[in-house]
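Below you'll find the structure, written out as structure tokens, and then a few comments.
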Amino acid sequence: MSSTHTPAALVLADGRVFRGRGFGAEGTTLGEAVFTTGMTGYQETMTDPSYHRQIVVATAPHIGNTGWNDEDGESRGDRIWVAGLAVRDLSHTVSNWRADRSLEEEMTAQGVIGIRGIDTRAVVRHLRDRGAVAAGIVSGDDALLPEDELVARVAAQPGMEGADLASEVTTPEVYVVEPEGETRYTVIAYDMGIKTNTPRNLARRGVRTVVVPAGTDLDSLAEWDYDGVFVSNGPGDPATADATVAQVRTVLERKIPFFGICFGNQILGRALEMETYKLKFGHRGINVPVLNHVTGKIDITAQNHGFALRGTPGETFDTPFGPAVVTHTCLNDDVVEGVALADGSAYSVQYHPEAAAGPRDANPLFDQFIELMERRRAGGDPQPTTTAPSAQHDTKGTE
């Protein structure tokens, strides 16, 4: 473990510097400074590939008390993907029966740099006002270098706009997650940075999930005799994902059941000829309210995205594949949170219904995907998005 007296600094490219103490690994890490409003779930956050190249500032003041376990990681091999972690208070003890070791021990083992003892409220207010900004955490002797030198080093890093990060986190080869019990359906899942709880949710519903690298040619996957296509969450600028967008357009042309989450929502939107743009400071946390314009229902959702689709709440618009609808928007700022073809054959949401680390309000979206594949197999038409989906039942106990 690092010394309790290791000097450290969170350095922002706009010149603001916050000084504290280092924990985890020692050295320098660069990324985009963002904040998350979740009071729980730091392990799921840190292992979410969508946080690749991001320095996460926790708004919850006390981090680390539940330690680290070998069950809640959300990436292959439980790899930590955040570039760094900034907290106010780091717990000195672990007090959870599921913990296998401390947060700092895991960060040290994986070479992840952290800073503690800073005023995270001030950092968050700064990011709210200025927007997500290039940043770095420097711990050890380098933290004592002149601030102008540290700021220049941080400012020289490449930005998030135009960053093709999905190609850096996607699986290098195809792998399969088998269902629990009998195989009812097979789904092709494009890994843009997939969280492990997504195929787990599908497995509970009898789905074999074939996880494939981003941009894989759909026609090369015919051997799997799949029933639907899914595109996962992931990091980076959706404007760089041309290869996967092209595959989704093929899916839409063939009316194959389609479901997308987070980055997958932006991919579907691009396939429908919508524009994407970078948000000022993004949505990150597990308490974001979203309105479903189809059902009138409000869900509290988990989110992690810095880019979004440009659209109007509830609007219907023309696409090469028929009319489409902006089905969901954020009640905080009207950001587009979901789109769908009006015929019901394809839909996506910007948030995370796989509920890791929660909440579970949106989990029935997986059941909607199952129903869509059931109707297609039975030879029926998809259910139009102008009517409420039937899969709105309680799913307590499914997690």
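Annotation note: of 33, 25, the sole residue that is touching a residue at least 24 places away in the same chain (Cβ under 8 Å), out of contact with any Phe, Trp or Tyr (no Cβ under 9 Å at 6 or more places or on another chain) and surrounded by fewer than 24 Cβ atoms within 10 Å (Cβ to Cβ) is 25.
Restricting to segment 349-399, name every residue that is crowded, with 18+ Cβ neighbours inside 10 Å, of a type in the set (A, V, I, L, M) and either modelled with pLDDT of 90 or more or not assigned by the TED database to the domain that holds residue 195 (or both). Answer for segment 349-399, where residues must be crowded, with 18+ Cβ neighbours inside 10 Å, of a type in the set (A, V, I, L, M) and either modelled with pLDDT of 90 or more or not assigned by the TED database to the domain that holds residue 195 (or both): 349, 365, 370, 372, 373.
Residues checked against (1) touching a Lys or Arg at 6+ places or on another chain (Cβ under 7 Å); (2) surrounded by 24 or more Cβ atoms within 10 Å (Cβ to Cβ); (3) modelled with pLDDT of 95 or more:
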residue: 50; (1), (2), (3): no, yes, yes
residue: 56; (1), (2), (3): no, yes, yes
residue: 63; (1), (2), (3): no, no, yes
residue: 77; (1), (2), (3): no, no, no
residue: 87; (1), (2), (3): yes, yes, yes
residue: 121; (1), (2), (3): no, no, yes
residue: 126; (1), (2), (3): yes, no, yes
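Here is a yes/no grid of residues against (1) of a type outside the set (Phe, Trp, Tyr); (2) over 25 Å from residue 163 (Cβ atoms); (3) surrounded by 14 or more Cβ atoms within 10 Å (Cβ to Cβ); (4) modelled with pLDDT under 95:
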{"position": "263", "(1), (2), (3), (4)": "no, no, yes, no"}
{"position": "270", "(1), (2), (3), (4)": "yes, no, yes, no"}
{"position": "302", "(1), (2), (3), (4)": "yes, no, yes, yes"}
{"position": "329", "(1), (2), (3), (4)": "yes, yes, yes, no"}
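Suppose we filter 154, 174 for residues that are hydrophobic (A, V, I, L, M, F, W, C) and either under 21 Å from the mean Cα position of the chain (by Cα) or surrounded by fewer than 19 Cβ atoms within 10 Å (Cβ to Cβ) (or both); which single one remains? Result of the check over 154, 174: 174. Residues that are out of contact with any helix residue (DSSP H, G or I) (no Cβ under 9 Å at 6 or more places or on another chain) and either closer than 30 Å to residue 208 by Cα or of a type in the set (Lys, Arg) (or both) are absent from segment 142-150 altogether. When the strands (runs of 3 or more DSSP E) confined to segment 106-215 are screened for residues that are farther than 30 Å from residue 367 by Cβ, those reaching at least 2 such residues are found at 113-116, 133-139.
The values are calculated or read from the model by the stated rules, or taken from the named source; none is laboratory data. Note that the structure is a prediction, hence the values are computed from the model and not measured. Quick reminder, even Gly has a Cβ in these numbers, built from the backbone with ideal geometry, and neighbours come from all protein chains shown.
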